[in-house]
1. Kindly provide the helix-only [θ] at 222 nm of the chain, computed as the sum of -39,500 (n - 2.57) over DSSP H runs of four or more divided by all residues, to the nearest 500 deg cm²/dmol?
2. What net charge is computed for the residues neighbouring ALA317, neighbours being all others with C-beta under 15 Å from the C-beta of ALA317, Lys and Arg scored +1, Asp and Glu -1?
3. Out of MET286, SER316, PRO2, whose Cα points farthest toward the positive end of the dipole of the chain (charges: +1 Lys, Arg; -1 Asp, Glu; placed on Cβ)?
4. Checking the cross-link filter: which lysines have an alpha carbon closer than 17 Å to that of LYS140, excluding same-chain neighbours under 8 positions apart?
5. Need the list of lysines near LYS77 for cross-linking: C-alpha distance under 16 angstrom, and skip anything on the same chain fewer than eight residues off.
6. Check which residues have an amide H placed less than 5 Å from ARG252's amide H, if you skip close sequence neighbours.
7. About the Cα centre, and with charges only on the beta carbon of Lys, Arg (+1) and Asp, Glu (-1), how big is the dipole of the chain? Nearest 20 debye, please.
8. Which Cα, out of PRO81, GLN127, ALA104, lies furthest along the positive dipole direction of the chain (beta carbon charges, K/R +1, D/E -1)?
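A short reminder: the numbers here are calculations on the coordinates, not readings from a lab. A quick note: this is a predicted structure, and the numbers were derived from the prediction, not measured. Cβ placement follows ideal geometry from the backbone for every residue including glycine, while neighbour counts extend to all protein chains displayed.
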Amino acid sequence: MPLTDTMLRKLKSDGTPTKLADSEGLYLYLSATGGKLWRMDYRFDGKRKTLSFGAYPTVSLKDARGKRDQAKELLAKDIDPGAHKKAAKAEAEAIAKEQALTFAVVAQEWFDTKKDVYAASQIKKKQWLLDLLKEHIGDKPITTLVPADVLSAIRPVEAAGHSVTAHKLAETAGQVFRFARTCGYILFNPADGLKEVLKPVRTRHYATMTDPAAVGHLLRCIDEYEGGVIVGYALKILPYLALRSMELRGGRWSEIDLDKALWIVPAARRENAKDGGGMKMRIAHMVPLPRQVVTLFRELHLLTGSGELCFPGRYSASQCISDMALLNGIRRMGFSKEEMTIHGFRAMFSTILNEKKLEWGFDADIIEAQLAHKEQNTVRDAYNHASYLEKRREMLQRWADYLDELRAAQ
C-alpha cells in the first residue's frame, strides 16, 4: 500500500530501524531515533545499490516519487543514478567554486604573496592599481574574463589622460592573471597584448645640460648661490655624485664615513623611495666620495653634524630639505625648466660619461652601477656594486675633476 502524508506525519519510531515501502522501489527508512529518510534500492551492473533522496518532510512524498522516477529514467538509459548524482554534485560544487573565484579573490591571493617582496611604497601603489581594477571586474569569476573585460577597466583611465597609469593597470592585471594561470585557475591570460592597443606612453625627458661651456656656467652659478646655506651645499654636492634627489636630501651622517670617503645608503631608506625621489631598489647603494665632496661634507658637518640629517629643513631638524627647495634654487639662478631640472644632473652625468667612456676607460656597466638603475637580478646587482666600487671611485674622481675644469674655464 502506497504511503500517504497523513501516515508519514503520524509515524513514530519504536526504537527499531524500519523500512516502509511506497511504490516502484521507493521506501522510507525510519531510523531508531525517529529520522525519516527517503531511499531507493536498485541493481546496476549486477550490483545492489541504494540511492538517497533526502529526509522527510524537507523532501515531500511527491518530491521523493519524482526523484525515484528520474532515477528509473536513468536506469532505462543504462545510466547509474547514484554515479550520476555524484557527478552532478561535483559539477555543482565546481561551478560554485568557479563563481566564488572572482578576480578580486585571486588578486588578493596574488597580492598576499608579494607583500614581503615589494617595498612599502610599491605595496601602496599596487593596492591602488588593484582597487581600480576591482571596481570594474572585481566581482566577476576570473575564468569568465576576456580581454575586452580587462580593457573596459583600463579605458576610462586612459581616456582621462593618464596613459602611464593605464599601462600600469595592464601590467598589474597581467601579473594577477599569470599567477592565476600558474595556479591552474585559468588556461590563458586575458591581459596578454593589452599594451598593444593602449596609447603609447610618452617618454619623459628631463631638461639637462651637456655642453661644456653651459655646464661650467651652471657650476659657477651654484658656487655663487645666495639662498639658504644648506640648500647651497646640497646643490654643490649633487652634480658630483649623480644621485637621485631624495638619495641626497635624505642623507644621514650615520651613513657617511668621511675617513673612508664612502657613503652607504641603506636598503631600508631606499625602500621608501618615490619616483624621482630615493633609491628604487632593495639593496644598499655604496657611493664613493671624490675629494671635493669629502671637503664639502666636512664643511657641512660643522653646520649640521650635531643632528641626524645632513640636509635638515629650515623649520624642522627632523625633516630634510624638500625637492622644491633644490628646484627653486636652480630657478633663482635664472635657469628655466626647459634648461635644467634636478633630475637633469643625473642625465648630465649619464650623457657625458657615456660619451667619454672610451676616452676615460669606464664601460657602461660601471656608469649604470653608479646611477643605480634597477637591476632585475638583485644578487647580480649586489655583486656589481661591490666589484665595481673601486672602478666607480676612480670614475667619480675623474668626473669631479672634469667638473672642476669646466667650472674654472671662463
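1. Value at 222 nm, helices only: -17000 deg cm²/dmol.
2. +2
3. Checking the options against the dipole of the chain, the answer is PRO2.
4. Those lysines meeting the cut-off are LYS97.
5. LYS67, LYS85
6. Under 5 Å from the amide H of ARG252 lie the amide H atoms of CYS310, each far enough along the sequence or on another chain.
7. Roughly 1760 debye for the chain.
8. Result: PRO81, furthest along the dipole toward the positive end.
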